[in-house]
Amino acid sequence: MKSEEIMSHLFEEYKIGSVTLKNRVAMAPMGHVHAADGGVSEQQHAYILERAKGGFGLIYPSAHTVTDKYEKPEGSGNFLFNYSQAARLAHLVDEVHQYGAKFAIQLTPGYGRVNKGNPAQTIHVSASDNRAFFYPDVVCHTLTVDEIHELVACMGKSAALAKMAGVDIIEIHAYGGYLIDQFMSKVWNRRDDEYGGSLDNRMRFFNECTQAVRRAVGPDFPISVKYTPVHEIEGGRTFEDEGIEIARRLQDMDFAYMHVDYGCYERWNLAIPSAYEKQGAQLHVAERLRKEGITMPFLIQGKLNDPVEAERVIESGLTDMIALGKQSLADPYWPSKVKNGRVDDIDFCCACLECLNHSYPFIRRSSCAINPRTAAEREYKLEKTAHPRKLLVVGGGPGGMAAAKYAAQVGHSVELWEKSDRLGGNMNAAGGPDFKFDVRRFSMNLQKQLYNSGAVVRLSKEANADSIKEFAPDAVIVAAGAKPIKPRIPGIDNSKVIDALDLLSNRIPTGEKVYVLGGGEVGCEAAAYLDSVGKDVTIIEMQSEILSTANMADNARKGLEDLLGRTKVRILTSTKLTEIKDNLIVCENGTETQELAYDNLVLAVGFKSDHTLCDELKSAGIKVFPIGDYNSPRKIYYGIHEGFHVIRLLDDLMEI
């Protein structure tokens, strides 16, 4: 039986008014890449077109702001208010249509208090005098009635441009604490005029924007709305306090569907879930709306990249379409691979959120940790090599596996040596806990892809200068990773001391009372894991707060903090471990010294690279390319990207 038959609901046509989608899978809107004026750039054109090629039935670019009077493209998504922008949009829409996909855009009067633009170039506006989210010292300009009317007129003008450009669906951007939602929500709207006070008044701006769009596009053009029933912040919207009431009002309007959302910038890990949120992270919102009698079509999102789960939520009637955001970055061909039964070939998003972390500040190229071609589809191409070489990859972590896979795919003869008895490297620890399933699934599929690529994999194979010389490769890619730091503390060799990587990779059993030394990302994950198996856990951190030096996207940081907040883990900050005894550890906090009984101590104090092998190979005249943590301890992103670029540029690199 074909996957298309198994996923019969996911890949059936779906009609939205006069628009027919070829399937029920949408590429979610994300503020990724655009031209300097906010229009579609060549880079964005190629990036979006790749997702249309990959089989998505409905394509969203980032939200389109309808004026640059207050906000600028540097801190926003796309803009649409002139014919130049409309012309480039039309070109993109035409090419998306050629792949059988439809095109939707969100129109917004602005981001308001959550715009990332520098205050020197941006006028942060809002419904009231709110603080700018990214610049707390900046008080937003309260829009006047005349300014509101001007924004409403801009919504209509931009809607007309979008229709002229061939856009199939327009969505009102009324969610997540953006400008329209700032007017709708009591927590951000403290006005006492016709745009504040009662719910009717607070929805006036939304209603006027919607009416302006409708007048511009006519009665039969599909208009959808993106809406957040629950903000999950103090004073924000809840189901009981206006969340359901607004949903009922939206149902009574002529929207083609509701794009359901959850959270806001203060809880951005709920809106854009991290690895610490569960699969189907926003389904409960849709479930509650259905329970309350909301029957209009839904488009829902939030870690729905498991094909079986995606099919289930559509088959059950909970939703009519699903949207994939980060997954579309990781693998633009998710729909076609699922449809054709090639699930093992999917590069599953590992929910690391480096797509957010790496792209800020805005001068850096937006990308994806596991897909180096994201937003570089034109420039970064892997083509069959004209010069096949014998390559050796040392190390079976993410960087090594990816490099070996890419090398085999372009026609090189490649072997990978891994000194342990399994592939995965530090991903085995990163994906060890059940709450890090996204990383584990990515690693599992990468291993399958490596074996299927034709690369030779040798486990329990130690690499040294002599064995590599005997193998006689044309070049060596060293992806041997980094080693955990072992601090110089009296008693550190005690048998009760466990390294966090061993704990998470192998689920080593521990006693009941466990201390974790180090409150960084690994230490916090180790503590959360130990709590999940019923241990009494305390984190010891020298800094004044945990995660203080962790290089994480804000969403991931909030997600991990939320996860720890749901545990019983205790945290000792500004505390130094000074000695390890048989049954006690000695800690100092300022002038206070305390001895604490323990069963096990878990070390999570960082990593260091050892460049010995690379130095020996260079001395022997062997061409060597170090990648990933072997260069310096970092993230999956760097290992995969550096391996990709070594293979992509190998002919040139061999001559340097």
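Here is how the numbers come out for the structure above:
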{"item": "Pairs of Lys in segment 1-103 closer than 22 Å at Cα, counting only those 8 or more apart or on different chains", "result": "7"}
{"item": "Extended-chain gain in nm, criterion 0.36 nm per residue less alpha-carbon gap, ASP493 and ASP200", "result": "98.7 nm"}
{"item": "Theoretical ellipticity at 222 nm over the chain - DSSP helices of four or more residues, -39500 (n - 2.57) apiece, nearest 500", "result": "-9500 deg cm²/dmol"}
{"item": "Distance between modelled label sites at GLU512 and LYS381, nm, 7 Å Cα→Cβ extension", "result": "6.5"}
{"item": "Accessible area in square angstrom per residue, segment 22-154, 1.4 angstrom probe", "result": "33"}
{"item": "Listed residues MET427, MET253 arranged by accessible area, highest first, probe 1.4 Å", "result": "MET253, MET427"}
{"item": "Surface accessible to a 1.4 Å probe, ARG634 within the full protein complex, Å²", "result": "80"}
{"item": "Accessible surface ranking that places the most exposed of LYS69, LYS581, LYS608, LYS326 first, with a 1.4 angstrom probe", "result": "LYS608, LYS69, LYS581, LYS326"}
{"item": "Inter-site label distance for SER544 and GLU150 at 7 Å from Cα along Cβ, in nm", "result": "4.3"}
{"item": "Å² per residue, accessible surface of segment 282-322 at 1.4 Å", "result": "34"}
{"item": "In Å², nearest 10: area of ARG249 left accessible to a 1.4 Å probe", "result": "70"}
{"item": "Global form of segment 8-65, assessed from the alpha-carbon gyration tensor, a/c cut-off 1.5", "result": "prolate"}
{"item": "Charge dipole magnitude, Cβ of K and R +1, D and E -1 - the chain, Cα centre, debye nearest 20", "result": "1000"}
{"item": "Heavy-atom accessible area per residue - segment 411-569, 1.4 Å, Å²", "result": "44"}
{"item": "Span-rule helices in the chain, defined as complete DSSP H runs reaching 27 Å or more along the axis (Cα) with Kyte mean at least -0.5", "result": "145-164"}
{"item": "Cα→Cβ-extended label distance, 7 Å offset, between ALA87 and GLU595, nm", "result": "8.1"}
{"item": "Potential lengthening between VAL308 and LYS568 on full extension [0.36 nm per residue; Cα-Cα distance subtracted]", "result": "90.2 nm"}
{"item": "Cα-based shape type of segment 550-631, given that a ≥ b ≥ c are square roots of the gyration tensor eigenvalues and the cut on a/c is 1.5", "result": "oblate"}
{"item": "Calculated log₁₀ intensity ratio I(q)/I(0) where the Debye formula runs over C-alpha points of segment 533-583, q = 0.20 Å⁻¹", "result": "-0.85"}
{"item": "Beta bridges per DSSP with both ends in segment 478-619, % antiparallel, nearest 5", "result": "45"}
{"item": "Carbon + sulfur, % of accessible area of the chain - ligands and nucleic acids excluded, 1.4 Å", "result": "48"}
{"item": "Relative contact order (%) - criterion: Cα under 8 Å, at least six apart; region: the chain", "result": "11"}
{"item": "Mean projection area, nm², convex hull over Cα of segment 1-148", "result": "11.0"}
{"item": "16 Å tail of the calculated P(r), segment 426-480, as % of Cα pairs", "result": "59"}
{"item": "Nearby lysines by direct alpha-carbon distance to LYS486 (threshold 19 angstrom, same-chain neighbours under 8 apart not counted)", "result": "LYS496, LYS576, LYS581, LYS608"}
{"item": "Calculated FRET value between TYR451 and ASP582, using beta carbons and R₀ = 41 Å, to 0.05", "result": "0.35"}
{"item": "Segment 465-551 shape via C-alpha gyration tensor axes, a/c threshold 1.5", "result": "prolate"}
{"item": "Placed amide H near VAL602: partners under 5 Å, 5+ positions off or other chain", "result": "ILE498, TYR515, VAL516, LEU517"}
{"item": "Antiparallel content of DSSP bridges confined to the chain, in %, to 5", "result": "20"}
{"item": "Potential lengthening between ASP192 and GLN211 on full extension [0.36 nm per residue; Cα-Cα distance subtracted]", "result": "4.5 nm"}
{"item": "Dipole axis of the chain (+1 Lys, Arg; -1 Asp, Glu on Cβ), positive-most option in TYR195, VAL139, ASN600", "result": "ASN600"}
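The values are calculated or read from the model by the stated rules, or taken from the named source; none is laboratory data. What you are looking at is a predicted structure, and each value in this text was computed from that prediction instead of being measured. Neighbour counts run over all protein chains shown; Cβ positions are idealised from the backbone, glycine included. Quick note on the areas: whole protein, heavy atoms, side chains included, nothing else; ligands and nucleic acids left out. Shrake-Rupley method; radii C 1.70, N 1.55, O 1.52, S 1.80 Å.
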